[in-house]
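Participant: Here it is, the structure in full.
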Amino acid sequence: MPAENLAKAPLRLGIAGLGTVGMGVIKIVQEKADLLALRTGRDVVISAVSARSKSKDRGFDLSGYAWEDDPVALAKRGDVDVFVELMGGDSGPAKTATEAALALGKDVVTANKALLAHHGQALAETAEANGAVLRFEAAVAGGIPVIKALTEGLAGNGITRIMGVMNGTCNYILTRMQATGQGYNALFDECARLGYLEADPQLDVGGIDAGHKLSLLASVAFGTKVNFAAVELEGIERISNDDIAHAADMGYKIKLLGVTQMSGRGLEQRMTPCLVPDTSPLGQLDGGTNMVVLEGDEVGQIVLRGAGAGMGPTASAVMSDILDIARGTRISTFGQPAATLVDAIPAVAATPAPYYLRLALIDKPGAMAKITSALGDAGVSIDQMRQYGQTDDADVAPVLIVTDPTPRSGLDAAIETMQATGVLVSDPVAIRIETV
Ligand SMILES: NC(=O)c1ccc[n+]([C@@H]2O[C@H](COP(=O)([O-])OP(=O)(O)OC[C@H]3O[C@@H](n4cnc5c(N)ncnc54)[C@H](OP(=O)(O)O)[C@@H]3O)[C@@H](O)[C@H]2O)c1
């Protein structure tokens, strides 16, 4: 221990969960002890750990730490100052042990987006009532320090919009669909083989995991209570290779994109497939990497890119919260006192945007005129239109349309009229184009 640290008591951790992230944290604490002490002015040590299996070989020496079978008992130990919750799950021991630690006034650091998306407000209130802090940098976009960017670096800004690609598995699938021409199902199976999918794959491909993260960002950005239930969610299952190829033809890439903004319409929170220009930073984000774009009224646009998961990146984010606590930096869970967070009115409609529309049209005279008049009657104007001659079915003419910015309700009205005319051979595909 460096001599100057002797005056300050060590910060004592209790780590519940010794999987990918938990072992990443233990690795940093063991291998970088001197660096952490120099940076915080005190030693950071581990008192006790907990997981399901005590006998599992985890590749690190854990013999110096007390073992608890029960994470709640770990949270309550007298020699634990900070309870580090790295088990996962929005209920069960992750919740009960976190509550137990906070009730005793102990600080908590977690990487658990599901827990916070469902119980963040109540947990933040419990933390504040007991003089504790609850931090969750690792829960959003893994190694990217986005919560810190919002609560500290951009604290002097009104946040106007946040966009993010925050599920690496979805971005991997969409990128590989474009690069290899393989279909969604084949790539889903590849991800399962490679271990890229959550135990419940819907959390990934259904956009739920990324939606949890978006709901936390919205709370920090807009001073609102976390409202995951109001996130408009749509996964990537319906994205076809045709759409990816046609979007590319028109200068776009398809991403599972989270967008949150506060407007006169209320709070918008969407995690849905979107087109973005292929020349934009979001459009150029390939593979499993994450990107978060923050827009502030003073700073303009900031782009953060990095690993959204994995042992090192996620443990790096957990450590940043632990080291803040070691230094005495105490920031409210969502950047302002929990009692001041307001119930945001969910926006009834999204901000108008251009849309990509793919239609399969009966190849007969007059069909196109019916489409353009359906759009015109609904007040939707056309920015670009392409008709493709080639198709296996000689009677079907694929048509692509990019609209000018329009409310979604206008587009839906136009689609309803088109369907009633009988010139479509299948349901149209409409995907929002996010202006980035
Ligand atoms: N992995 C990532 O890249 C990543 C990125 C960002 C956020 N996160 C979040 O970090 C958290 C941990 O993820 P992970 O990938 O490290 O999970 P993991 O590898 O599956 O590890 C989970 C750990 O928790 C322990 N555990 C599970 N249920 C328990 C229970 N009832 N009682 C005691 N211990 C229990 C497990 O014990 P055993 O080992 O004995 O089974 C295991 O050690 C999750 O909230 C996840 O969403 C993960």
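Participant: Can you tell me how much longer the chain between Leu35 and Arg330 gets when fully stretched, taken as 0.36 nm per residue apart minus their C-alpha distance, in nm with one decimal?
Facilitator: Length difference between fully extended and current span is 104.1 nm.
Participant: On the protein heavy atoms, probe 1.4 angstrom, tell me the percent of accessible surface of segment 3-135 carried by carbon and sulfur.
Facilitator: Percent of accessible area from carbon and sulfur atoms in segment 3-135: 51.
Participant: Mind checking segment 309-367 for trypsin sites (Lys or Arg not before Pro) that DSSP puts in a loop (not H, G, I, E or B) and that have at most 12 other Cβ atoms within 10 Å?
Facilitator: Arg330
Participant: Could I ask something else about it? Once both labels are modelled 7 Å past Cα along the beta-carbon direction, what's the Gln301-Arg52 spacing in nm?
Facilitator: Calculated label separation equals 4.4 nm.
Participant: Additional query: Using DSSP to define loop residues, name the trypsin sites (Lys or Arg not before Pro) in segment 23-71 whose beta-carbon has at most 11 other beta-carbon atoms within 10 Å.
Facilitator: Hits after loop and neighbour filter: Lys56.
Participant: Taking the DSSP beta bridges in the chain as the whole, what percent of them are antiparallel, to the nearest 5?
Facilitator: Taking every DSSP beta bridge within the chain, about 70 percent pair in antiparallel fashion.
Participant: Follow-up question, since we're still on this one. If you place +1 on the Cβ of every Lys and Arg, -1 on the Cβ of every Asp and Glu, and leave all else neutral, what size is the dipole of segment 292-418 about its Cα centre, to the nearest 20 Debye?
Facilitator: 280
Participant: Using the Cα centre of segment 3-135 as origin and beta-carbon charges of +1 (Lys, Arg) and -1 (Asp, Glu), tell me which of Ala111, Gly24, Leu11 is placed farthest towards the positive end of the dipole.
Facilitator: Comparing the listed Cα positions along the dipole, Gly24 ranks first.
Participant: A further question on this structure: If contacts are Cα pairs under 8 angstrom and at least 6 residues apart, what is the relative contact order of the chain in percent?
Facilitator: 16
Participant: How do 91-103, 151-163 rank on mean C-beta neighbours within 10 Å, highest first?
Facilitator: 91-103, 151-163
Participant: Place a point 7 Å from the Cα of Ala103 along the Cα-to-Cβ direction; which residues of segment 111-151 have their backbone N under 16 Å from it?
Facilitator: 122-132
Participant: Here is a follow-up. Can you give me the angle between helix 408-421 and the longest principal axis of the chain, using Cα atoms only, in degrees from 0 to 90, rounded to the nearest 10?
Facilitator: For helix 408-421, the angle is close to 40 degrees.
Participant: So, one more: Over all alpha-carbon pairs of segment 371-436, lay out the pair-distance distribution in 5 Å bins, whole %, shortest bin first.
Facilitator: 3, 16, 26, 26, 17, 8, 3, 0
Participant: Run a plain Debye calculation on the chain (Cα atoms as equal point scatterers, no solvent) and give log10 I(q)/I(0) at q = 0.12, 0.13 Å⁻¹, rounded to two decimals, same order as the q list.
Facilitator: Here log10 of I(q) over I(0) equals -0.98, -1.10.
Participant: I've got another one for you. Work out the FRET efficiency for Thr160 and Ile382 from their Cβ-Cβ distance, taking R0 = 41 Å, and round it to the nearest 0.05.
Facilitator: The formula returns an efficiency of 0.90 here.
Participant: Longest span of the chain, sites excluded, free of chymotrypsin sites (Phe, Trp or Tyr not before Pro) in DSSP loop with at most 16 other C-beta atoms within 10 Å?
Facilitator: Result, exposed sites excluded: 61-387.
Participant: Could you pull out the pairs from Lys113/Lys148; Lys27/Lys54; Lys32/Lys95; Lys213/Lys255; Lys56/Lys106; Lys253/Lys364 whose alpha carbons sit more than 21 Å apart here?
Facilitator: Among Lys113/Lys148; Lys27/Lys54; Lys32/Lys95; Lys213/Lys255; Lys56/Lys106; Lys253/Lys364, the Cα-Cα distance tops 21 Å for Lys32/Lys95; Lys56/Lys106; Lys253/Lys364.
Participant: What is the spin-label model distance, in nm, from Ala66 to Ser240 if the labels are put 7 Å beyond Cα along the C-beta direction?
Facilitator: Once both label points are built, they end up 6.1 nm from each other.
Participant: How much of the accessible area of segment 146-307, probe 1.4 Å, is carbon plus sulfur, in whole percent?
Facilitator: 47
Participant: Right, next: For the Cα atoms of the chain, what angle does the longest principal axis make with the long axis of helix 113-129, in degrees from 0 to 90, nearest 10?
Facilitator: That helix lies at roughly 50 degrees to the long axis.
Participant: Still on this structure, please answer the following. In nm, to one decimal, how far is the modelled label at Val342 from the one at Ile362, with both set 7 Å along Cα→Cβ?
Facilitator: 5.3
Participant: With a probe of 1.4 Å, find how much accessible area the chain has per residue, and write the answer as a whole number in Å².
Facilitator: Accessible area per residue, the chain: 40 Å².
Participant: Let me ask something additional. Rounding to the nearest 20 debye, state how big the charge dipole of the chain is about its Cα centre with +1 on each Lys and Arg Cβ and -1 on each Asp and Glu Cβ.
Facilitator: Charge dipole of the chain: 960 debye, to the nearest 20.
The values are calculated or read from the model by the stated rules, or taken from the named source; none is laboratory data. What you see is a predicted model, and the numbers here were worked out from it, not measured in a lab. Don't worry about glycine lacking a Cβ; one is built from the backbone with ideal geometry, like all the others, and counts go over all protein chains shown. Calculation scope for accessible area: heavy atoms of the full protein, side chains included, ligands and nucleic acids excluded. Shrake-Rupley method; radii C 1.70, N 1.55, O 1.52, S 1.80 Å.
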